[in-house]
1. How many of the residues in segment 145-169 are free of Cβ contacts under 8 Å to residues at least 24 places away in the same chain, under 14 Å from I181 (Cα atoms) and crowded, with 16+ Cβ neighbours inside 10 Å?
2. Between T257, T270, which is β-branched (V, I, T), at pLDDT 95 or above and either closer than 24 Å to G176 by Cβ or surrounded by fewer than 18 Cβ atoms within 10 Å (Cβ to Cβ) (or both)?
3. I'd like the residue in segment 17-33 that is of a type in the set (G, A, S) and open to solvent by 30 Å² or more (accessible area, probe 1.4 Å) and, out of all such residues, is farthest from Y277 (Cα to Cα).
4. Within segment 108-126, can you find the residues that are of a type outside the set (S, T, N, Q), touching a Gly at 6+ places or on another chain (Cβ under 6 Å) and under 26 Å from A217 (Cβ atoms)?
5. Residue by residue through segment 226-235, note down the ones that are closer than 13 Å to M258 by Cβ and not in a loop (DSSP other than H, G, I, E, B).
6. Would you check which residues across segment 288-332 are free of Cβ contacts under 8 Å to residues at least 24 places away in the same chain and more than 17 Å from S25 (Cβ to Cβ) and list them?
7. Within segment 128-144, is even one residue among the small types (G, A, S), more than 21 Å from E246 (Cβ to Cβ) and touching a residue at least 60 places away in the same chain (Cβ under 8 Å)?
8. Can you list residue pairs whose Cβ atoms sit under 7 Å apart, with the first residue in segment 45-59 being within 17 Å of R211 (Cβ to Cβ) and the second being among the polar types (S, T, N, Q) and part of a helix (DSSP H, G or I)? Count only pairs 6 or more apart in sequence or on different chains.
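The values are calculated or read from the model by the stated rules, or taken from the named source; none is laboratory data. Note that this is a predicted model, so its numbers are computed, not measured. Quick reminder, even Gly has a Cβ in these numbers, built from the backbone with ideal geometry, and neighbours come from all protein chains shown. Keep in mind that these areas ignore ligands, DNA and RNA; they rest on the heavy atoms of the full protein, side chains included. Shrake-Rupley method; radii C 1.70, N 1.55, O 1.52, S 1.80 Å.
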Amino acid sequence: MMNLSNRPRRNRKSAAMRGLMRETSLSAANLIYPMFVQEGETNSPIESLPGCTRWCVADIAAECCLLYQLGIPCVDLFAVVPEHKKDAQGTEAWNPEGVVPRAIRAIKKAVPQMLVMTDVALDPFNTYGQDGLVREYEDGSYEILNDETVEALCRQALCHARAGVDVISPSDMMDGRVSAIRAALDAEGFTHVSILSYTAKYASAFYGPFRGALGSAPKFGDKKTYQMDPANRREALREAAADVAEGADMLMVKPATMYLDVIADLRANTTLPIAAYHVSGEYLMIKAAAASGWLDERSCMMEALLSIRRAGADMILTYAAPQVALWLAEDSTAN
């Protein structure tokens with residue numbers, strides 16, 4: 001027998017011992033569910049995101065009641081906008097009778113305790129599919145306008161605040177938008193409305209299924225002049241410092257599992273809560289592999305989300321939230 005005084009396996013010898021030693025936990029209270037809301041009175045399944053739905057306003061409120069019963073404390077709303085309501089300026093984004101403001105009011109009436117977060121960006125609303133306003137030039141080139149876009153985002157944020165939103169989440173990556181939105185909200189008395197900033201949103205290839213669900217893929221070009229370069233890590237700290245100084249209440253890293261190092265960096269450099277977005281491509285990889293019989297969906301999904309928590313995220317936006325909440329409830333009952 002080996003003469004070992006240090007045997008780490010002693011701390012893994014039973015389920016009870018492993019539970020006692022566990023450093024990281026995952027609960028439904030850590031989850032935010034991204035939801036798609038559309039015009040009309042019917043719902044439609046999303047082919048690119050199996051298990052997810054484009055909800056009508058009436059039914060999204062009822063669904064939120066069920067989500068809250070599962071222990072999910074927050075939903076994040078994304079608008080599905082018909083083409084005839086899109087224009088170059090994205091003016092539907094601040095229509096007080098638009099689908100998002102109506103959904104906010106319906107959810108808060110049905111389940112007042114549910115936190116409602118809304119995406120603030122122009123890509124679902126403008127004809128270009130870009131997060132900002134576009135200036136086209138005679139030579140065929142174009143520019144995504146920063147300051148003009150920020151003005152539009154403030155209108156959108158105020159529209160959502162007037163409808164009763166709890167958290168504004170600007171995903172556009174324009175410079176200075178956190179301070180501008182904060183000032184606009186405070187000027188109208190919405191000092192209680194929080195801002196979860198997309199601080200480190202990368203120009204990722206993993207957004208494809210989401211854009212298919214929303215119909216928001218760019219009609220030309222890409223988003224690399226405003227979303228971050230996937231090669232850059234230190235730049236995220238610069239973005240975080242700016243957002244903290246501008247008044248953000250929470251910071252986000254997107255995508256999540258492909259950028260665990262960035263989550264850990266932000267956790268080490270700020271006291272603000274950190275959110276991470278387990279994006280559509282990350283979600284779909286597990287779903288597709290499980291559907292083909294190559295992976296166990298439950299084990300892999302739980303491991304992926306636990307890794308995000310272990311890296312330092314306080315909250316996770318994931319399309320798996322309802323299913324994960326059910327699994328966690330089953331585990332709790334079994335124990």
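1. Our first condition is that a residue be free of Cβ contacts under 8 Å to residues at least 24 places away in the same chain; within segment 145-169, this holds for 145, 148.
If we keep only those that are under 14 Å from I181 (Cα atoms) as well, we get 148.
If we keep only those that are crowded, with 16+ Cβ neighbours inside 10 Å too, we end up with none.
Total satisfying the criteria: 0.
2. Values: T257 fails: either closer than 24 Å to G176 by Cβ or surrounded by fewer than 18 Cβ atoms within 10 Å (Cβ to Cβ) (or both).
Step by step, each of T257, T270 is checked, and only T270 is β-branched (V, I, T), at pLDDT 95 or above and either closer than 24 Å to G176 by Cβ or surrounded by fewer than 18 Cβ atoms within 10 Å (Cβ to Cβ) (or both).
3. Taking segment 17-33 and keeping what is of a type in the set (G, A, S), we get 19, 25, 27-29.
Of the ones still in play, those that are also open to solvent by 30 Å² or more (accessible area, probe 1.4 Å) are 19, 25, 27, 29.
Working: G19: 27, S25: 18, S27: 16, A29: 15 Å.
Filtering first and then ranking leaves G19.
4. Within segment 108-126, L122, D123, F125 meet the criteria.
5. The initial filter retains those residues of segment 226-235 that are closer than 13 Å to M258 by Cβ, namely 228, 230-231, 233.
The one that is closer than 13 Å to M258 by Cβ and not in a loop (DSSP other than H, G, I, E, B): M228.
6. A288, A289, A290, S292, G293, W294, L295, D296, E297, C300
7. First, pick out the residues of segment 128-144 that are among the small types (G, A, S): 129, 132, 140-141.
Still in the running and more than 21 Å from E246 (Cβ to Cβ): 129, 140-141.
Going one step further and asking which of them are touching a residue at least 60 places away in the same chain (Cβ under 8 Å), we end up with 129.
There is at least one residue in segment 128-144 that is among the small types (G, A, S), more than 21 Å from E246 (Cβ to Cβ) and touching a residue at least 60 places away in the same chain (Cβ under 8 Å).
8. These pairs meet every condition: L49/S280.
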